[in-house]
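Notes to accompany the following structure.
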Amino acid sequence: MGAEEKMGVRGVNRDRMGERGVALLTVMIIMLLMVVLAISAITVTGLETRMSGFVNTKEAMSTAAESCEGTAVNIIQQTLYYSEIKSEFLSSATIPGPVPASNSAILYSEISGQPLPPPAPANTIGENYGDDASAVPNLTLSLPGATVNGDIDRLFKRRKEGSGEIKEIVYRITCVATNTAMGTKSTVTSVYSCTVGETCMKQIGGA
């Protein structure tokens, strides 16, 4: 084989090796892109899962807080009707109720508008009393996955429109639900007007 033929064969081999190198590089780039896309898909899926879990947790906490609000309304209605905190609402009952027994006297004063017991200053009327759901809750509920503290504040009494001498009492109810696992909280605050012997009507409410 002549020199020119040998050089031609070597040139063809170099071309083939170059083509193989380009093909290998192309395959590696495609594989790299596929890996990046796979990682991105896994990341997006994980993010969606976390977001979905957060939304579900938030909804569960809001539902728990609203349950506390309904309990608070029932306590107000019963207390106005019977002029006392019913024993079944107390934490000391056979089946423990939502109202801490140590706080029942303060709660009764707040609902009825009577002077508050010590340690409040003498002759302090139980309207707009400065307690709150976190520090000194008027009621506490233990629900699956959540603890809910509630606060009932009597705001004022007014004559019910179109009802002569019948008075309605306006209350603010605040409920704070805490997720026991994650520590996240949801707060619901509403204003109700209540009449003795009748139902309580929500005036303002929202999370």
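Within region 70-80, the residues that satisfy the criterion of being open to solvent by 20 Å² or more (accessible area, probe 1.4 Å) and over 16 Å from residue 201 (Cβ atoms) are 71, 78. Looking only at region 124-169, count every residue that is in contact with a Lys or Arg (Cβ under 7 Å, 6 or more places away or on another chain) and hydrophobic (A, V, I, L, M, F, W, C) and tell me the total. Qualifying residue count, region 124-169: 3. When the criteria are applied in full, residue 92 meets the requirement of being more than 25 Å from residue 185 (Cα to Cα), in contact with a helix residue (DSSP H, G or I) (Cβ under 6 Å, 6 or more places away or on another chain), among the small types (Gly, Ala, Ser) and open to solvent by 30 Å² or more (accessible area, probe 1.4 Å). Collect the residues in region 128-140 that are free of Cβ contacts under 8 Å to residues at least 40 places away in the same chain and open to solvent by 30 Å² or more (accessible area, probe 1.4 Å), keeping them in residue-number order. Scanning region 128-140 gives 128, 129, 130, 135, 136.
For region 133-192, name all the residues that are closer than 18 Å to residue 68 by Cα and among the basic types (Lys, Arg). Residues satisfying the conditions are 154, 172, 185.
Does region 105-114 contain at least one residue that is crowded, with 19+ Cβ neighbours inside 10 Å, of a type in the set (Val, Ile, Thr), in contact (Cβ under 8 Å) with a residue 12 or more places away in the chain and at negative phi? Yes - at least one qualifying residue is present in region 105-114.
Residues in region 128-153 that are under 17 Å from the mean Cα position of the chain (by Cα) and of a type in the set (Ser, Thr, Tyr): 134, 140, 142, 147. Screening 166, 125, 204 for residues that are among the β-branched types (Val, Ile, Thr), surrounded by fewer than 16 Cβ atoms within 10 Å (Cβ to Cβ), within 21 Å of the chain's Cα centre (by Cα) and at pLDDT below 80 leaves exactly one candidate, 204. Only one entry in 154, 158 is open to solvent by less than 30 Å² (accessible area, probe 1.4 Å) and among the basic types (Lys, Arg), namely 154.
The values are calculated or read from the model by the stated rules, or taken from the named source; none is laboratory data. Predicted, not measured: the structure shown is a model, and the values here were computed from it. Here Cβ is always computed from backbone atoms with ideal geometry, including for glycine, and neighbour counts include all displayed protein chains. These accessible areas exclude ligands, DNA and RNA; they are computed on the full protein's heavy atoms, side chains included. Shrake-Rupley method; radii C 1.70, N 1.55, O 1.52, S 1.80 Å.
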